[in-house]
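Undergrad: Next up is a structure, given as structure tokens.
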Amino acid sequence: MSPRSASVNEELRRRSRERLLQATVDLVDERGYEATTLADIADRAGAARGLVSYYFPGKRQLLQSAVHRMMHRALEAALEREPRTEDGRERLARAIDAILGLAVDRPVLMRTHMSGVLQAEGFVQCPEQQHLASLLRDTVERYGARDVDTEYPLLRALLMGAVFALLLPGAPMPLARLRAELFQRYGLDWDLGVPPGEGPPGGTRHDAFGQSSKSSK
């Protein structure tokens, strides 16, 4: 049997890494962070235990990469869903809704992720985090920001703050209120993106200039 080519080996490594990341998301969502071991993750991924350590220095770094992957996949799906659009305001609205939606739909994962980010090591500079950053930066650019280098980290900070507010134990802020504040900051109409079912707080919508008008609902 002839040896595998470099491209085949690279694809096999990519698939192994993907399986580990998906297994991490699934298990932490089911059991919580503390109850999930690296051995559990390797077993779920159908991989050798040593392969986990080959790709990731520890469980916290593995989880961050896994959640960043989940986030960029959700963001990419939102940006490219039908009907596809090149409108920068619609794309920014979709991006905001995608990230806030993860906080609502996957609270265990997002709360655990935020906890890890606030520890000393902060963000893990991995391919998944870089892909997420690239998508958000491109969204800011298409939105028409004059200074992307300033606006991109500001958007990232605002989204992190909103996620934290949604997940704060005992005193979470309502999704509609946080969404309304972000949409007003960027002059986005409430009906862009995927509006939550409860409608805008106060029965108002913000138009493209950040002004408010009475909801027709």
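The values are calculated or read from the model by the stated rules, or taken from the named source; none is laboratory data. Here the structure is a predicted model, which is why all the values come from computation and not from measurement. Here Cβ is always computed from backbone atoms with ideal geometry, including for glycine, and neighbour counts include all displayed protein chains.
Undergrad: Looking only at residues in region 29-47 that are hydrophobic (A, V, I, L, M, F, W, C) and assigned to a helix (DSSP H, G or I), which one is surrounded by the fewest Cβ atoms within 10 Å (Cβ to Cβ)? Explain how you work it out, then say what you get.
TA: Taking region 29-47 first, the residues hydrophobic (A, V, I, L, M, F, W, C) are 35, 38-39, 41-42, 45, 47.
Keeping just the survivors that are assigned to a helix (DSSP H, G or I) gives 38-39, 41-42, 45.
Working: 38: 16, 39: 10, 41: 27, 42: 19, 45: 21.
Ranking the candidates gives 39 first.
Undergrad: Of all residues in region 48-63, which are surrounded by 12 or more Cβ atoms within 10 Å (Cβ to Cβ) and in a helix (DSSP H, G or I)?
TA: 49, 51, 52, 53, 54, 55, 59, 60, 61, 62, 63
Undergrad: Which of the residues belonging to region 86-111 are in contact (Cβ under 8 Å) with a residue 60 or more places away in the chain and more than 13 Å from the chain's Cα centre (by Cα)?
TA: Across region 86-111, the qualifying residues are 89, 90, 92, 93, 108.
Undergrad: Say whether the condition of being more than 19 Å from residue 75 (Cα to Cα), in contact (Cβ under 8 Å) with a residue 60 or more places away in the chain and surrounded by fewer than 16 Cβ atoms within 10 Å (Cβ to Cβ) is met by at least one residue in region 154-174.
TA: The answer is no; no qualifying residue exists.
Undergrad: Filter region 123-153 for residues that are assigned to a loop (DSSP other than H, G, I, E, B) and touching a helix residue (DSSP H, G or I) at 6+ places or on another chain (Cβ under 9 Å); which is surrounded by the fewest Cβ atoms within 10 Å (Cβ to Cβ)? Full working, then the answer.
TA: Our first condition is that a residue be assigned to a loop (DSSP other than H, G, I, E, B); within region 123-153, this holds for 123-126, 144-147.
This time we only want the ones that are touching a helix residue (DSSP H, G or I) at 6+ places or on another chain (Cβ under 9 Å), so: 123-124, 126, 144-145.
Numbers: 123: 13, 124: 20, 126: 19, 144: 11, 145: 19.
Per the criteria, the residue is 144.
Undergrad: While we're here: Against the definition (modelled with pLDDT of 95 or more and among the basic types (Lys, Arg)), how does residue 69 come out, yes or no?
TA: Working: modelled with pLDDT of 95 or more: yes; among the basic types (Lys, Arg): yes.
Answer is yes for this residue.
Undergrad: Suppose we filter region 1-28 for residues that are under 24 Å from residue 73 (Cα atoms), surrounded by fewer than 16 Cβ atoms within 10 Å (Cβ to Cβ) and of a type in the set (Lys, Arg); how many remain?
TA: Matching residues across region 1-28 total 3.
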